[in-house]
Amino acid sequence: MPRTLEQWFAHQGQLHPKTIDLGLTRVRLVLERLEWRQPSVPVVTVAGTNGKGSVTAYCAEILAAAGHRVGTFTSPHLRDYRERIRVHDRLVTTDELLWAFERIETAREGVGSDAVSLTFFEYNALAAFLIFEAARLDAWVLEVGLGGRLDAVNVVDATVAVVVSIGLDHQEFLGETRDAIAREKAGIFRKGRVAVLGSRGMPPALLDAAVALGAAPKRLGVEFDYTREASGWSYGGRRWHLPGLPSPALLGDTQFDNAATALAALEEFDTRLSVSAAAVAQGLTSVRLVGRFQLIVPGGGKPSWILDVAHNADAARALAQNLRALPIGGRTLAVCGILADKDAAAIAAEVGACFDAWWLGSIEGVRGMSGVVLKDRIAGQVNGPLSVAGDIAAACAAACGAARSGDRIVVFGSFHTVGPALDWLESQRLLPPTSRYTDTPRKF
């Protein structure tokens, strides 16, 4: 049996013939062998094409501000696997992971020829469930990895299930239309339980699926809503009416939708977990999330940086809106890397007019794409010259070298782009001090 985390990750990466193989059968079988039971504490499960990381962070931060111990599961990680599993106010420890992996491996192997083949993500989700169970937490917040209906997270019956948004991404797994994708994501809803729909203008198939499943739909703009005001905003839902809330710490207009969606989920816990208006306000202002329009201002005449994991057309459109809402006196320079299975042309079309010059970095790995290929895919969709760098770090260095005082550099396109950019920024001592949701420890 592996002994170190590096050995475990290598082992998990070669267990299953496919990197992504949606389905619940394998996970359920291992959980049965572990004699695992559904959590006895409230659980919110969050799905969505975009915004699910933000909603997850708001839920966890507000519950923590109210004094509740929360387990948070997210994916993928940027720099360190431990980012995926948080036990209240800390990252999961190495010892906790090793303990969980050993239990999963024993159950997975079974007896004789009964071994179960797990994907890397399934192993990850199972470890989170075991660690949360052992930690005796007050609530779990689970972010779906891909889709919903057949994602490993969906073995947990959520107290409240959230679909933040529906857009075109991962069509090879979820379907070619927004309606098809909506039906897949609706699979996290449960009969008799609340289903939060966190965007206006959702495809009708999402509501139809919620009703067909017997869930209780709760829609932004219908069963809950918010009003923006000069000094903040107010929330109104089924249970909570919260005037005078501070603006969310995460930047961008869409964060009001995301924060309201988190409140719509949390107010359903009200009879089991108390959350005061003061805790809501504290959570909204203390939340941090790496790579979601994350602004870094080093000072000293150096360019500012914005990091955003936007990796589909809808997210790129939101990025463009946020950039236009935050004008500067200087130029805006792009550092971009995109995976090969993404629609790079559609992403570039949404943000192409925002940048004065581009540096394209290569992403390694099975799904990676070189800067040369990326240049060919987005040529004609963007303004300014396109330069190719060997990798993301080299692209960051080149953009920084070309920047003048008053310029800003925007790093975007993938988690696999923002992660290496964070490494480079840290090596240049350009990162600010870390905190609860911005800590990005070194890789193992």
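The values are calculated or read from the model by the stated rules, or taken from the named source; none is laboratory data. The shown structure was predicted, so the numbers you read here are calculated from the model rather than taken from an experiment. Neighbour counts run over all protein chains shown; Cβ positions are idealised from the backbone, glycine included. The protein model used for the area step is the full one, side chains on, heavy atoms only, and it has no ligands, DNA or RNA in it. Shrake-Rupley method; radii C 1.70, N 1.55, O 1.52, S 1.80 Å.
If Gly300 satisfies all but one of (1) touching a Gly at 6+ places or on another chain (Cβ under 8 Å); (2) open to solvent by 30 Å² or more (accessible area, probe 1.4 Å), what's the number of the condition it fails?
(1)
Could you please tell me which pairs satisfy a Cβ distance under 8 Å, a separation of 6+ or placement on different chains, a first residue in segment 168-197 that is at positive phi, and a second residue that is of a type in the set (Gly, Ala, Ser)?
Pairs found: His170/Gly147; Gly192/Gly214; Gly192/Ala215; Gly192/Ala216.
Any idea which of (1) part of a helix (DSSP H, G or I); (2) out of contact with any strand residue (DSSP E or B) (no Cβ under 9 Å at 6 or more places or on another chain) is the one Gly301 doesn't satisfy?
Status for Gly301: all satisfied but (1).
How about segment 342-418: which strands (runs of 3 or more DSSP E) wholly inside it have at least 1 residues that are of a type in the set (Gly, Ala, Ser) and closer than 30 Å to Gly301 by Cβ?
Ranges flagged: 357-361, 386-389.
For segment 225-243, name all the residues that are outside any loop (DSSP other than H, G, I, E, B), open to solvent by 60 Å² or more (accessible area, probe 1.4 Å) and in contact with a Ser or Thr (Cβ under 9 Å, 6 or more places away or on another chain).
If the condition is that a residue be outside any loop (DSSP other than H, G, I, E, B), open to solvent by 60 Å² or more (accessible area, probe 1.4 Å) and in contact with a Ser or Thr (Cβ under 9 Å, 6 or more places away or on another chain), then Thr227, Arg228, His241, Pro243 are the ones that fit.
Considering only residues that are at pLDDT 95 or above and either of a type in the set (Asp, Glu) or open to solvent by 40 Å² or more (accessible area, probe 1.4 Å) (or both), which ones fall in segment 185-206?
Scanning segment 185-206 gives Arg190, Lys191, Gly192, Arg193, Arg200, Pro204.
Of everything in segment 117-134, what is open to solvent by 10 Å² or more (accessible area, probe 1.4 Å), of a type in the set (Gly, Ala, Ser) and farther than 14 Å from Leu15 by Cβ? Give them in sequence order.
Scanning segment 117-134 gives a single hit, Ala134.
When the residues of segment 352-386 are narrowed to those that are surrounded by fewer than 16 Cβ atoms within 10 Å (Cβ to Cβ) and within 21 Å of Trp305 (Cα to Cα), which ends up nearest to the chain's Cα centre (by Cα)?
Ala353
Filter segment 309-325 down to the residues that are outside any loop (DSSP other than H, G, I, E, B), surrounded by fewer than 21 Cβ atoms within 10 Å (Cβ to Cβ) and polar (S, T, N, Q) and list them by number.
Within segment 309-325, just Gln321 meets the criteria.
What about Arg37, is it modelled with pLDDT of 95 or more, surrounded by fewer than 16 Cβ atoms within 10 Å (Cβ to Cβ) and not hydrophobic (A, V, I, L, M, F, W, C)?
yes
Read through the list (1) of a type outside the set (D, E, K, R); (2) without any contact (Cβ under 8 Å) to a residue 12 or more places away in the chain; (3) crowded, with 24+ Cβ neighbours inside 10 Å, then give the number of the only condition that Val160 fails.
Checking Val160 against (1) of a type outside the set (D, E, K, R); (2) without any contact (Cβ under 8 Å) to a residue 12 or more places away in the chain; (3) crowded, with 24+ Cβ neighbours inside 10 Å, the one that fails is (2).
Which condition from (1) under 29 Å from Val164 (Cβ atoms); (2) open to solvent by 20 Å² or more (accessible area, probe 1.4 Å); (3) charged (D, E, K, R); (4) out of contact with any Asp or Glu (no Cβ under 7 Å at 6 or more places or on another chain) is the one that Lys52 breaks?
(4) is the only condition that Lys52 fails.
Identify, please: which residue in segment 115-145 is among the hydrophobic types (A, V, I, L, M, F, W, C) and farther than 14 Å from Arg84 by Cβ and is, among those, farthest from the chain's Cα centre (by Cα)?
Step by step, filter segment 115-145, then rank; the result is Ala115.
For Ala379, indicate whether it is in contact with a strand residue (DSSP E or B) (Cβ under 8 Å, 6 or more places away or on another chain) and in contact (Cβ under 8 Å) with a residue 24 or more places away in the chain.
No: the conditions fail for Ala379.
Just to be sure I understand the filter: pairs with C-beta atoms under 6 Å, separated by 6 or more residues or on different chains, first member in segment 218-234 and within 16 Å of Asn258 (Cβ to Cβ), second member surrounded by 16 or more Cβ atoms within 10 Å (Cβ to Cβ) and among the polar types (S, T, N, Q). Which pairs pass?
Hits for this filter: Gly232/Ser247.
Residues Ala127, Ala134, Ala182: which one is among the small types (Gly, Ala, Ser), in a helix (DSSP H, G or I) and more than 19 Å from Ala60 (Cβ to Cβ)?
Ala182
Got at least one residue in segment 326-337 being open to solvent by less than 10 Å² (accessible area, probe 1.4 Å), in a loop (DSSP other than H, G, I, E, B) and under 30 Å from Ser370 (Cα atoms)?
Yes; the residues of segment 326-337 include at least one that is open to solvent by less than 10 Å² (accessible area, probe 1.4 Å), in a loop (DSSP other than H, G, I, E, B) and under 30 Å from Ser370 (Cα atoms).
Looking at segment 66-109, which of the residues that are surrounded by 15 or more Cβ atoms within 10 Å (Cβ to Cβ), of a type in the set (Asp, Glu) and within 17 Å of Val290 (Cβ to Cβ) is farthest from the chain's Cα centre (by Cα)?
Asp80
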